[in-house]
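Heads up, the thing below is written out as structure tokens.
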Amino acid sequence: MGVEVDAHDARLRRVVAPGSVVANPRTSCDHGAVDDTTKKKITRSQRPDSDAFKRFITEKWGGHEREPVARAAGAPFAAERRARISGQFPGVRIIAPAGDLAMRSNDTTYRFRPHSDFAYLTGLGVDHEPGAVLVMEPTASGHSAILYLLPPESRDGEGFYSDPRLGEFWIGKRPGLAEFSAIAGIETRPLAELPRGLRLASQPSPAVARALAMMRMVKDAYEVDQVRAAVAATIAGFERVVGEFPRAIEHKRGERVIEATFDGHAREEGNAVGYETIAASGPHATTLHWISNDGQVRDGDLLLLDAGVEVESLYTADITRTLPVGGTFSDVQRRVYDVVLEAADAAFAVAGPGSTLREIHLAAMGVIERRLTEWGIVPTNDDPDAALYRRWMVHSTSHHLGLDVHDCDKARRTAYLDGKLEPGMVFTIEPGLYFKEDDLAVPEELRGIGIRIEDDVLVTTDGVENLSRALPRGADDVERWMAALRR
Ligand code: GLY
Ligand code: MN
Ligand code: MN
């Protein structure tokens, strides 16, 4: 199936100022655009051009009515967030674009996901809405929000069947301006009315982006509910994966069986995965972001699964379990596993309101350093900052979690690492140990073992809640859980 006509092309020329250069063609509005030099449209198009055809295809359609829409559950919370960011930037225009369709190749685009700040300030999730721009204009009393959108093509015109971006024939029914206004509770206007000066420079200023990242560190009640939903869906996905272990062992690329099982589950139960699934069996588990997932899954291996369902509001979980494929840990696997678990428990023990991510990390690293030193694999060094044990755990222990898996990355480093944790913050605890297959600094029995245990944690008024606690963590509990799922 290909794109034949480009009613959108004319609109594109209206939206982008004449003579302007689109800085990043991957995010430009050129879906279906025709290259006048190559005349590609003429080469490919085979649709009849007769007046009779054009008349016939636009008439005799029933059901023109638009579906009634409900206010999004997140909309009141988004309004509250807009009020808060408004208070921080009096007299300053605030712009939050959703971003646009990204080209995969030629006229084929990736599935759209809006920018997280846009979702945060509008309450819109799933694939709403390519090209949209939220503008908060300063007023005497704060800001007034306007959502600029590309309206769907009317059923009466050619674009209905010829516009691959906005025509119902191609993309199905989409909400129009009135519907989006009802869903988000924000005034809407056609994108063509976006003031000319904002068309290409419509990125949030660094100051606004930072302020939003700081705000997003503390989740409101709606956000906490959404993360809980994402965690629950993710735990169900892990259970499905364990059920597929026998098939994964049989398959030449068993890691793909794992990935496909989890990713399919994420599409069935949520919007998508919140990041590329890491399904790493055996020594692949020592590669921190192993997403090729093209290896075999062997009985006797450990399978490190780091995966998260992103729910339709776009909040994601981020959970890792390291599972013995055959159902039981070997002695050496269990020895390493228990150290990682002890590190995670040490991190949990210091986590709570008033603690910092740096302290949590140091608590986990204290265990790792102590145990690896006891094992005699950490060379002695006079420099107290050498931290040679970090050869086997090079990543950090925690990151914020929410609309993005690595949430709030634009926050000030001091606030992120050394800011005191507050109720409503959500972050991960995820220590690991990774002994590569060719690591000559460790005994042979350790080589090829990679283990991470990752939980999603909510700060409460008097401590923390492990949101992912329903997924077993201890080695014995993991074995029992797997045995029960295999029955
Ligand atoms: N899944 C990536 C991470 O754990 O940070
Ligand atoms: Mn993580
Ligand atoms: Mn993870």
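No value in this document is a laboratory result; all are computed from the given coordinates. Owing to the predicted nature of the structure, the values given are computational and were not obtained by experimental measurement. Cβ sites come from the backbone with ideal geometry, for glycine too, and all protein chains shown count toward neighbours.
Just the number: Rg to Rh for the chain, Cα atoms, Kirkwood Rh, two decimals.
1.03
Just the number, please: percent antiparallel of the DSSP beta bridges in the chain, rounded to the nearest 5.
Antiparallel bridges make up about 90 percent of those DSSP assigns within the chain.
Residue separation times 0.36 nm, minus the C-alpha to C-alpha distance between ARG71 and GLU422: what's the value?
That pair, ARG71 and GLU422, stretches by 123.4 nm at full extension.
Quickly work out the ARG412-to-ARG370 label distance, labels modelled 7 Å from Cα along the C-beta direction, and quote it in nm with one decimal.
3.4
If you take the C-alpha gyration tensor of the range 122-192, multiply each eigenvalue by 5 and take the square root, what semi-axes do you get, largest first, in whole Å?
The three semi-axes for the range 122-192 are 26, 12, 9 Å.
Given an 8 Å cut-off on Cα distances and at least 6 residues of separation, report the relative contact order of the chain as a percent.
Answer for the chain is 13 percent.
What FRET efficiency do you get for ALA83 and ARG44 if R0 is 41 Å and r is their Cβ-Cβ distance, rounded to the nearest 0.05?
0.25
Show me the ranking of peptides 151-158, 375-382 by mean Cβ neighbours inside 10 Å, starting with the highest.
Result, highest mean Cβ count within 10 Å first: 151-158, 375-382.
With r as the distance between the Cβ atoms of ARG210 and THR108 and R0 = 41 Å, compute the FRET efficiency 1/(1 + (r/R0)^6) and round to 0.05.
Working: r = 35 Å, r/R0 = 0.85.
My answer for the efficiency is 0.75.
Quick one, could you list the DSSP H helices from the chain stretching 27 Å or more along their long axis (Cα atoms) with average Kyte-Doolittle hydropathy of 0.0 or above? Can you show the working numbers first?
Numbers: long enough: 221-243 (34 Å, 0.58); 331-350 (29 Å, 0.44).
Length and hydropathy pass: 221-243, 331-350.
Given the C-alpha atoms of the range 335-487, compute the convex hull and give its volume per residue in Å³.
Values: hull volume 21.6 nm³, N = 153.
Taking only Cα atoms, the range 335-487 has a hull volume of 141 Å³ per residue.
Between VAL394 and PHE53, how many nm apart are label points set 7 Å from Cα along the C-beta direction?
5.8
Using 0.36 nm times the number of residues separating ASP294 and ASP331, minus their current alpha carbon distance, what extension gain do you get?
So the chain would gain 10.6 nm between ASP294 and ASP331.
Semi-axes of the equivalent ellipsoid for the range 315-407, please: Cα gyration tensor eigenvalues, times 5, square-rooted, ordered largest first, whole Å.
Each semi-axis is √(5λ); the values are 24, 21, 12 Å.
Return the calculated 222 nm mean residue ellipticity for the chain, to the nearest 500 deg cm²/dmol, obtained by summing -39500 (n - 2.57) across DSSP H runs with n ≥ 4 and dividing by the residue count.
Numbers: 15 runs with 164 residues, N = 487.
Estimated from H runs of four or more residues: -10000 deg cm²/dmol.
What full-extension length gain, to one decimal in nm, is calculated for VAL92 and ARG267 as 0.36 nm per residue of separation minus the Cα-Cα distance?
Result for the pair: 59.1 nm of gain on full extension.
Can you give the FRET efficiency for GLU437 and PHE169, using 1/(1 + (r/R0)^6), R0 = 56 Å, r = Cβ-Cβ distance, to the nearest 0.05?
FRET efficiency, GLU437 to PHE169: 0.60.
Per 10 Å bin from zero, what fraction in whole % of the C-alpha pairs of the range 74-142 is there, up to the bin with the longest pair?
21, 43, 24, 10, 2
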